1. Just for segment 21-34: of the residues that are buried (at least 19 other Cβ atoms within 10 Å of the Cβ) and among the hydroxyl-bearing types (Ser, Thr, Tyr), which one is nearest to Leu148 (Cα to Cα)?
2. Inside segment 123-134, can you point out the residues that are in a helix (DSSP H, G or I) and of a type in the set (Phe, Trp, Tyr)?
3. Condition test on Ala50, is it out of contact with any Gly (no Cβ under 8 Å at 6 or more places or on another chain), under 17 Å from Asp166 (Cα atoms) and of a type outside the set (S, T, N, Q)?
4. For segment 71-122, which positions are in a loop (DSSP other than H, G, I, E, B), within 15 Å of the chain's Cα centre (by Cα) and surrounded by fewer than 18 Cβ atoms within 10 Å (Cβ to Cβ)?
5. For segment 143-194, which positions are farther than 13 Å from Gly4 by Cβ, outside any loop (DSSP other than H, G, I, E, B), of a type in the set (Val, Ile, Thr) and within 17 Å of the chain's Cα centre (by Cα)?
6. When you go through Pro116, Pro63 one by one, which is the residue that is under 30 Å from Thr21 (Cα atoms) and at pLDDT 95 or above?
7. I'm checking my understanding of the structure. Among residues of segment 122-138 that are of a type in the set (Lys, Arg) and within 22 Å of Thr15 (Cα to Cα), which one is modelled with the highest pLDDT?
8. From Leu131, Leu140, Leu155, which residue is touching a residue at least 60 places away in the same chain (Cβ under 8 Å) and in contact with a helix residue (DSSP H, G or I) (Cβ under 9 Å, 6 or more places away or on another chain)?
Amino acid sequence: MIVGIDYGSKLAGTTVICYSTENGVLHLISSSKNQDADKMILDFVCENNAKIIGVDAPLSLPPGVLGQGQNYFYRHCDQLLGAMSPMFLGGLTARAMKLKNNIQHLKSIDIIEVYPKAVVKNILSDEFKQLYKQKDTYQLKKFVEILLEAFNFQLDAEVYNWHQVDAILAWLSAERYSNSKSDQFGDEVGIIHV
């Protein structure tokens with residue numbers, strides 16, 4: 001099973017898991033407000049046979065923090081893709097790194113860092129770029145419609161927010177990685193798969 005996670009604040013209800021079943025259908029699980037998103041993810045991993053998980057969150061720290069250089073704010077992968085600093089994201093970065101560690105203590109699963117915005121910027125056509133993260137619900141629906149058509153996906157539920165879209169894009173990066181088709185940005189400190 002391939003899994004993509006749009007990783008949000010712990011209790012905000014903004015974390016979404018996207019996973020595929022053997023019949024190729026994509027499923028979405030969204031956290032609820034005041035629900036522990038990390039526990040939701042761990043429970044999901046314990047109950048399912050995930051092979052690869054793509055997480056939209058930093059899974060490593062800048063080299064300066066590790067005593068390996070002068071950059072204390074950004075990793076090379078962040079600079080290449082215009083991603084936010086893992087240090088700016090602070091608690092989210094720490095939670096994501098802890099979650100990865102906890103999952104890998106439970107099961108042998110390949111956990112990779114992904115960045116949905118980079119999928120839109122580097123993989124998808126201009127039509128997607130114009131629609132991505134627009135506030136209008138019509139544009140969200142149109143983005144999903146052309147995404148499903150472009151990649152021949154099927155989805156089991158209606159998409160009603162960009163967190164769900166980002167989970168689908170995280171899944172797409174993990175799927176590309178599973179087929180050795182992902183583009184890799186970064187170095188030994190941190191790699192983002194697109």
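1. Kept after step one, since they are buried (at least 19 other Cβ atoms within 10 Å of the Cβ), are these residues of segment 21-34: 26, 28, 30-31.
Next cut, among the hydroxyl-bearing types (Ser, Thr, Tyr) only: 30-31.
Values: Ser30: 19, Ser31: 23 Å.
For segment 21-34, the residue satisfying everything is Ser30.
2. Restricting attention to segment 123-134, the residues satisfying the condition of being in a helix (DSSP H, G or I) are 126-131.
Across segment 123-134, the qualifying residue is only Phe128.
3. On the way: out of contact with any Gly (no Cβ under 8 Å at 6 or more places or on another chain): yes; under 17 Å from Asp166 (Cα atoms): no; of a type outside the set (S, T, N, Q): yes.
Criteria not met by Ala50.
4. Initial filter on segment 71-122 (in a loop (DSSP other than H, G, I, E, B)): 71-75, 82-85, 90, 107-109, 115.
Keeping just the survivors that are within 15 Å of the chain's Cα centre (by Cα) gives 83-84, 115.
The answer is Met84, and nothing else.
5. Across segment 143-194, the qualifying residues are Val144, Ile191, Ile192.
6. Details: Pro63 fails: under 30 Å from Thr21 (Cα atoms).
Sole residue among the options that is under 30 Å from Thr21 (Cα atoms) and at pLDDT 95 or above: Pro116.
7. Just the residues of segment 122-138 that are of a type in the set (Lys, Arg), to begin with: 129, 133, 135.
Then drop every residue that is not within 22 Å of Thr15 (Cα to Cα), which leaves 133, 135.
Working: Lys133: 94, Lys135: 88.
Ranking the qualifying residues of segment 122-138, first place goes to Lys133.
8. On the way: Leu131 fails: touching a residue at least 60 places away in the same chain (Cβ under 8 Å); Leu140 fails: touching a residue at least 60 places away in the same chain (Cβ under 8 Å).
After ruling out the rest, the residue left standing is Leu155.
The values are calculated or read from the model by the stated rules, or taken from the named source; none is laboratory data. A quick note: this is a predicted structure, and the numbers were derived from the prediction, not measured. No Cβ is skipped: glycine too gets one built from the backbone with ideal geometry, and neighbour counts run over all protein chains shown.
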